[in-house]
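Working notes, beginning with the structure itself.
The values are calculated or read from the model by the stated rules, or taken from the named source; none is laboratory data. This one's a predicted model, so the numbers in the text were calculated from it and none came from an experiment. Here the Cβ is made from the backbone with ideal geometry for all residues, glycine too, and neighbour counts use every protein chain on show.
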Amino acid sequence: MAAGLLHIIIGSVVIAGSMEYPKKSLGQHWLKDENILESIADDASISGSDTVLEIGPGLGNLTKYLVKRSKKVVAIELDEVLAAKLLHNIQSDNLEVIPADILKFDLTNLPASYKVVANIPYYLTSNLLRILCESSNPPSTMTLLVQKEVAERICAGPGKMSVLAVSVQLYYKCNPGMVVPAKAFMPPPKVDSQVVFMDKRTEPLFKDLDSQKYFQIVRAGFSERRKKLRSSLSGGLRITKDAADKLLKKAGIDSSRRAQDLSLQEWHKIYELFPG
């Protein structure tokens, strides 16, 4: 399976005489179920030779399980108060805490084949996944706890595809894991969450791919989701509808289909035929 990626914290905890509460501004919902936390760490398939990148460790409720299973945990925490207290909470020689914004963190500082564990706030999901997937030093595996709806989007197949699904599945094989009910968090979010396991493809799905051109076409197709491919590609790629028709016909794709129906391989057929 994948490795750990979790922005998870537990309950209100008294440290040095102060009470810590989740911050709405950072999308913090702290997981308070020890059994679920331990299960996530177990399912991340971490070994004693692994370096784990934990995103949003908070007070270290998941961290304490990760340091026992790995060679090293690098914990990136945006909240400077929580980052300062983490080393007090988790006293371990193999824990490094860095107060930083993960979207600006240099992933090339990590060893190759590191693993990621995180509970990602919804507003951060797409940007973070794009950065991780497209990095010159991407993680070998990721274990993410995200909103259940987002987990379903990441793992979706043709018929329910999205730009997010295409963006992730181009680089990773994705499998859904356990559903975590909202009541397991403090404060409870409005929806349930779900674990997603992501394993980096050992070989590129397509050889010599110009990813910029590929995603130009994909985003064009999804630019008007309710319209048929003929119209959405015409508008998104700034070509005539007749040209879009011919392009799709050459690719063997019915122009009346919609973007969510296409597989990654079908997008690649369009990519190969589009001059760009």
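Laid out as a table, the results:
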quantity: Selected residue [surrounded by fewer than 20 Cβ atoms within 10 Å (Cβ to Cβ), outside the structural domain of I98 (by TED's automatic domain parsing) and either at pLDDT below 95 or not polar (S, T, N, Q) (or both)] from M1, M19; calculated: M1
quantity: Every residue from the range 173-206 that is farther than 17 Å from S39 by Cα, within 18 Å of the chain's Cα centre (by Cα) and in a strand (DSSP E or B); calculated: K173, C174, D199, K200
quantity: Counted residues, the range 72-117 - those being aliphatic (A, V, I, L, M), in a strand (DSSP E or B) and exposed (fewer than 15 other Cβ atoms within 10 Å of the Cβ); calculated: 1
quantity: Pairs where the first residue, in the range 54-69, is buried (at least 24 other Cβ atoms within 10 Å of the Cβ) and the second is part of a helix (DSSP H, G or I) and hydroxyl-bearing (S, T, Y), C-beta under 7 Å, 6+ apart; calculated: E54/T63; P57/T63
quantity: Within the range 149-200, considering residues that are out of contact with any Cys (no Cβ under 7 Å at 6 or more places or on another chain), within 27 Å of F215 (Cα to Cα) and small (G, A, S), the one surrounded by the most Cβ atoms within 10 Å (Cβ to Cβ); calculated: A151
quantity: Residues (assigned to a helix (DSSP H, G or I) and either touching a residue at least 60 places away in the same chain (Cβ under 8 Å) or among the aromatic types (F, W, Y) (or both)) located in the range 118-155; calculated: Y122, Y123, L124, L128, E134
